[in-house]
Amino acid sequence: MKRIVLLWTLFLLWPGIGYAESLQQTIDGLPAGSELVLEPVVYHEAVSITKPLTITGVPGTNFQVDGESPAISIENTQDVQIRNVDIEQGDTAVLIKSSENITIEEIEVSEAGQAMEVHDSKTLTFRELLVEGPAGHYSAKGNGVALYNSEDIQVSDSTIRHMRDGIYAEKTTNLQTSGNRIENSRYGVHLMYSRQADLSKNELSENVAGVMLMMTEDSRIQKNTIHEHTSPNASGLVLYEAQNIQVTGNVISANALGLSLQKVKNSQVTENKFYGNQIGMEFIRSAENNTRGNEFTGNIVQLRSDALGGMLAGNYYDDASLLDLDEDGYGDTSYTALQSYGQWMVRKPAYQYFIEAPAVVLLNEMDRQMNSMESAVLMDSKPLAKPPSEANGNPPMSLWRLFLGAMLLALGGWIWKKESTA
Amino acid sequence: MLRSRWLQLVGLLFVFVFAAVMAIQQLAIPPSSGFSRQAAAMFNVQLFLLPLFLLTIGSMNIAGDAESGWLHLLKTYPMKMSRYIAGKYMALTGAFLLIALLSMGAVLAISGIAGALSGMGVYIVTSLLLIFIFSALALVLGAIAKNRLHALALSLVFWASWLLLIPYALMAVGTALAGHVVKTLIIFNIHVNPVEWVRFCFFLATGNGDALGPAFYGLTGFYTEPLGVATAIAFTALWIVLPLSFAAMVLKRRKRQA
């Protein structure tokens with residue numbers, strides 16, 4: 001009898017073996033506006049939230065949900081906050097539908113098909129997400145944050161890696177993304193049919209395209225760092241059939257193609273730094289946009305375009321041979337960026353093989369001499385004589401390189417002298 | 001060979017031009033990863049100058065031996081022409097390796113003052129490729145040439161063709177051809193033009209095959225796999241062995257005719 005009582009007691013006390021309320025039942029039992037602090041355990045159940053609620057995890061709070069159900073779904077409600085939770089595996093980590101005033105922060109998502117999916121919602125904040133996608137091709141993955149038919153969204157201070165698109169927005173209005181780091185995905189930020197987006201101070205690297213903006217209008221892309229998009233067909237930014245877009249103050253470096261404007265209207269590209277890209281910027285049927293105050297330094301092909309060209313004014317080009325005798329800050333002669341090789345590269349992609357080949361280097365030099373007199377397709381009539389940003393002081397001196405170089409010179413000279421007098 | 005005044009001048013010129021271009025690029029362009037203008041400038045100086053100097057000096061050296069009668073004298077000795085060619089090859093490559101070493105020293109010393117320079121490893125590899133391949137080709141041209149002027153003319157014709165004329169012809173013809181035909185012609189040119197082969201190897205070695213564009217994704221993909229790397233090494237060896245063998249064969253035939 002004593003053994004039976006002992007076993008019964010153990011059964012009741014042993015966590016998880018005795019009857020315990022499921023998380024969903026706990027949530028259902030809470031009144032609207034409550035705050036729930038989760039245990040540091042692994043939850044294997046999907047939960048649905050349909051009322052105002054604050055859910056806070058602690059270190060060790062983890063959701064592992066198999067199947068197609070989202071780990072956490074929020075539907076037809078408002079004023080929900082979820083923070084400090086890890087979500088592993090699963091089809092979708094968090095699904096939000098027809099809801100308002102939702103905050104999701106300090107959430108770590110790994111190996112999930114899609115991290116955040118939002119439909120028909122308003123006033124959402126995603127902050128400090130850490131999303132790590134599964135291995136495999138982009139086509140087999142979902143997005144870091146996917147937004148559909150929503151408005152007033154903030155995504156900030158998050159890190160997203162190895163997803164299809166870091167942030168995908170479709171028919172979304174007033175999306176603000178800032179301080180995010182998105183890498184190794186197909187597109188860092190992908191906007192379709194959206195309006196009034198603001199992409200600021202994000203770092204986008206090693207994606208197929210840092211920013212892909214299609215059929216979008218009235219948006220700003222400013223002060224982002226966009227670098228090392230170098231895979232085939234990769235670009236820092238691609239703007240396609242967009243209008244009223246401001247691309248301002250970005251650092252666009254070491255990309256296969258820095259910025260591509262395709263069928264873009266009434267937009268401004270100003271005060272950006274194009275450093276060390278294979279192709280700095282291209283215009284395809286985008287002649288009527290304002291490109292001003294940018295710095296083109298160290299790009300193999302500075303600018304290229306179709307026959308329509310592009311509108312350039314007051315940019316700095318490191319390959320321009322300019323005099324500024326009147327000291328007004330602008331070159332006394334115009335700069336023509338037209339390179340026949342660059343034009344052909346747009347028309348026949350196979351020509352890219354010759355990029356910076358010796359033959360092309362000579363061709364560019366000939367173009368430079370001839371274009372200064374003839375062409376106005378990609379001409380800047382007021383090129384800046386000096387770069388808008390000054391160099392960062394003197395480069396650091398390296399004594400060991402100086403010493404090693406001097407030693408090699410001395411050794412080479414000694415061998416030469418010894419052998420020639422032998 | 002190092003006693004040649006011409007070689008000394010060439011060495012000085014190469015070191016000066018190479019160091020000057022690199023210093024200008026280092027001071028003007030911010031450091032950048034990937035295939036940057038700095039990397040392209042460094043490689044283009046090598047592509048323009050090293051083949052030119054190697055072809056002219058190497059071919060004229062052999063042609064000079066024939067013109068002065070020194071080769072006829074050597075033929076009276078029990079020495080195989082293949083050993084003569086091997087000796088010339090080692091002397092030529094040795095002299096230019098020394099020039100490359102001096103250039104590297106000058107650039108390193110300048111980078112100690114003007115700022116860090118990336119890609120020295122690649123510079124060494126491409127220098128070795130150019131020196132070993134174009135030394136072999138120079139000896140063929142020298143063996144074919146009747147005299148030094150002929151050798152100089154042949155060298156300039158081949159240098160200009162490989163470096164400039166063939167690419168221009170391809171670009172010109174390509175304007176009237178379909179894209180896939182242009183691509184096929186370019187791939188053919190990569191394998192029959194030593195300048196393009198070295199250039200292609202440069203992109204592969206630096207991991208910048210993507211810079212050649214999506215049209216060549218398949219080709220660069222193949223040459224970065226183990227089988228492709230082995231093929232590239234074998235192909236490079238052929239660019240050295242075949243010209244040397246051909247040069248020895250030409251001289252041997254001449255020896256028999258004499």
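Values in this text are rule-based calculations from the coordinates and carry no lab data. Every value quoted in this text rests on a predicted model; they were computed, and no experiment measured them. Virtual Cβ from ideal backbone geometry, glycine too; neighbours counted across all protein chains shown.
Using amide H atoms built 1.01 Å from N in the peptide plane, name the residues 5+ places from A:E100, or on other chains, whose amide H lies under 5 Å from its own.
Result for A:E100 returns A:T77, A:Q78, A:D79, A:K122.
Return A:Y335, A:Y316 ranked ascending by Cβ neighbour count within 10 Å, so the fewest neighbours appear first.
Exposure proxy ranking, most exposed first: A:Y316, A:Y335.
What is the order of A:S321, B:S59, fewest Cβ neighbours within 10 Å to most?
By the 10 Å Cβ count, ascending, the order reads A:S321, B:S59.
How big is the gap, in Å, between the Cα center of region A:117-152 and the Cα center of region B:241-258?
Region A:117-152 and region B:241-258 have Cα centres spaced 70 Å from each other.
Determine the gain in length on full extension of the stretch A:S381-A:H119; use 0.36 nm per residue of separation and subtract their C-alpha separation, reporting nm with one decimal.
89.5 nm
For A:F63, which sequence-distant residues (separation of 5 or more, or a different chain) have an amide H within less than 5 Å of its own amide H, given hydrogens modelled in the peptide plane?
The list, which skips near neighbours in sequence, is A:Y43, A:D86, A:I87, A:E88.
If you plug each phi of region A:349-356 into the Karplus form 6.51 cos²θ - 1.76 cosθ + 1.60 with θ = phi - 60°, what whole-Hz ³J(HN,Hα) values come out, in order, with x for Gly and Pro?
Residue by residue, region A:349-356 yields x, 4, 5, 4, 3, 7, 4, 6 Hz.
Would you mind ranking A:Y330, A:Y351 so that the residue whose beta carbon has the fewest other beta carbons within 10 Å leads the list?
A:Y330, A:Y351
Quick one: 3J(HN,Hα) in Hz for region A:106-120, Karplus 6.51/-1.76/1.60 with θ = phi - 60°, rounded, Gly and Pro as x.
Going residue by residue, I get 6, 10, 10, 10, 9, 6, 8, x, 9, 7, 10, 10, 10, 10, 6 Hz, with x marking Gly and Pro.
Obtain the nm distance between the two label points defined at A:L362 and A:L36 by a simple spin-label model: each point lies 7 Å from its Cα along the Cα-to-C-beta direction.
According to this spin-label approximation, the distance is 7.5 nm.
Go through region A:314-320 residue by residue and turn each phi into a ³J(HN,Hα) via Karplus (6.51, -1.76, 1.60, θ = phi - 60°); whole Hz please, and just put x for glycine and proline.
After applying 6.51 cos²θ - 1.76 cosθ + 1.60, I find x, 9, 9, 10, 6, 9, 7 Hz.
Give me the one-decimal nm value for the distance between modelled label points at A:T54 and A:A313, 7 Å along each residue's Cα-to-Cβ direction.
5.2 nm
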